[in-house]
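Taken together, the values in this text are just the output of simple stated rules run on the coordinates, not laboratory data. On a predicted model such as this, the values are computed, not experimentally measured, just so you know. Here Cβ is always computed from backbone atoms with ideal geometry, including for glycine, and neighbour counts include all displayed protein chains.
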Amino acid sequence: MDNTKAREWDNDHFLHPWEGMETLGRNDRTLVEGASGIHVVNDRGDRLIDGPGGMWCTQIGYGRTEMAEAMAEQARQLAYFSPFSNTNSTAARFAREIARRAPGDLNHVFFTTGGSTAVDTALRFIQFRNNLLGRPEKKIIISRQKAYHGSTYLAASVSGKERDRLWLDKADDLTHFLPNVNPLYRREDQSIEAFLEEKVADLDTAIQTLGPDRVAAFIAEPILASGGVIVPPEGYHKRCLEVCRRHDVLYISDEVVTAFGRLGHWFASKDVFDIEPDIITCAKGLTSGYSPMGAAIVSDRLIADVTGMEATFSNGYTYSGHPVSAAAGLKSMEIIEREGILDHVRRMTPVFQGRLQDLAEIDIVADTRGMGLMGCVQCSEAGAALGELQRDYQLGARIDAECQKRGLILRPIVNMCVFSPPLIISEAEIHQMFDILREGILAARSST
């Protein structure tokens, strides 16, 4: 199929996320025209392993006929309802099923359009609650360097990827960022245990310096996904939650990536990191990418604080609780449970992480890290963790290109190869994916 016109239209009319102005109108993006299982198909008919799993979201894989049928049936019966003054049984059932799987007393589900709006909703609810409790000054949100929480104004304001913050305005008066929690960047003479103590102390010091009466919440991804699959030291989240409790600071666990199976559990907060946060945000795997949807899940305790007050939480979206998206989410849950996909992820994790760690022997690989079915290979031509930015970009692009030639799509973030394939990936497919990645890295190295 000749897609020359489609490429022209893409350059002329489709303004993409993270669009670089220096190449605007001159891009040659891969046209993805089909998909099945863990593979996508480009316009030339090439099948490629979807290393990033779409955007961390295609849990049950592509081409699920029963997903399409469930969504079509819901669309035929009821394609839309107004969530402001009505409700719908499909959305109500989906909220119940999410609450059943969420940890602790997180039983109130506010549906949104995606992860960004889920984070915005969580932050706005915290502001709303503090206003009603007579604490209008308790508004500062503590986040972390390399964190990514979304693209809407408040969500972007608490995101700490420095290059994403260069040209857009942010609510700087509402945010405070803690230093990088990546153990790769600890001092040479510093143990992991000492690094953990330092990172926990960073949070405690920040709250005390800013003032507990002014700090509203700490927001943290269990694993900093878009920041490069950064895994904080073991025990970090539990220790940080203890700090928050001591200072009456709420804990938001941003599970947009880690929920719905990525680490082998419905939610990672309790089952993996042993915490019960005040709010969990989620999206992506919520519907396995088949339809846009997100959610902020709020604890009973927070809801009880404002129940009965004469006030309206005037935050909402035209598509909150969209019935077709809710039907997709329910069907995805059904498939995950029926096929034992959470157990499958836990079985595949040692294979996946073992192959990931094997890449550390390549001289240009500076670090390999991950958890569950998510991973990152950080490369540098000098073999060091820190490199020249432009050279790092070029190296990442070369690896991506070499892998695509061999049948694998990655998500290159500067010099980091990030991947989170569909959760249905088999052991043989894991080996195939890492074989291609190894070949791609070696080919990119030899082309310097």
Handout entry: Estimated distance in nm for a label pair at Gln77 and Asp164, the labels positioned 7 Å out from Cα along Cα-to-Cβ
Key = 3.7
Handout entry: Segment Thr23-Asp300, length gained on full extension (0.36 nm per residue, minus Cα span)
Key = 94.9 nm
Fill in the blank from the handout: For the Ala443, Ser36 Cβ pair and Förster radius 22 Å, calculated FRET efficiency rounded to 0.05 is 0.25
Handout entry: Exposed chymotrypsin sites (Phe, Trp or Tyr not before Pro) absent - longest run of the chain, DSSP non-H/G/I/E/B, at most 14 other C-beta within 10 Å
Key = 168-312
Practice task
Identify the GluC sites (Glu not before Pro) of segment 332-369 meeting these criteria: DSSP loop state and at most 13 other C-beta atoms within 10 Å of the C-beta.
Solution key: Glu339
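What translational D, rounded to a whole number of µm²/s, comes out for segment 1-84 from Stokes-Einstein when the hydrodynamic radius is the Kirkwood one over Cα pairs, at 10 °C and 1.306 mPa s?
101
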Completion exercise
Taking the chain and counting helices only, DSSP H stretches of n ≥ 4 at -39,500 (n - 2.57) each over all residues, the nearest-500 ellipticity at 222 nm comes to -12500 deg cm²/dmol
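At R0 = 30 Å, how high is the FRET efficiency between Ala92 and Lys238 if r is their beta carbon distance? Nearest 0.05 is fine.
Details: r = 33 Å, r/R0 = 1.11.
Efficiency for this residue pair is about 0.35.
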Completion exercise
Pseudo-spin-label distance Arg44 to Asp363, built 7 Å along Cα→Cβ, given in nm, is 3.1
Exercise for the section: Would you mind computing, in nm to one decimal, how far apart the modelled labels at Arg135 and Arg245 are, each placed 7 Å from Cα along Cα→Cβ? Expected result: 1.6
Exercise for the section: Considering only DSSP beta bridges where both residues belong to the chain, give the percentage that are antiparallel (nearest 5). Expected result: 65
Problem - Cut-off 19 Å, label 7 Å out along Cα→Cβ of Thr307, residues of segment 87-103 by amide N - result: 92-93, 95-103
Handout entry: Rounded to the nearest 20 debye, dipole of segment 67-338 from Cβ charges on Lys, Arg, Asp, Glu
Key = 500
Fill in the blank from the handout: Taking 0.36 nm per residue of separation between Thr318 and Glu8 and subtracting their Cα-Cα distance, the length gained on full extension comes to 108.4 nm
Problem - q = 0.07 Å⁻¹, the chain: log10 I(q)/I(0) [Debye, one scatterer per Cα] - result: -0.35
Practice task
Could you tell me the distance between the Cα centroids of segment 45-90 and segment 140-160, to the nearest Å?
Solution key: 28
Problem - Given charges at beta-carbon only (K, R positive; D, E negative), |dipole| of segment 1-136 in Debye - result: 800
Problem - Most positive-pole-ward Cα, Asn315, Met333, Ile436, against dipole of segment 305-448 from beta carbon charges - result: Ile436
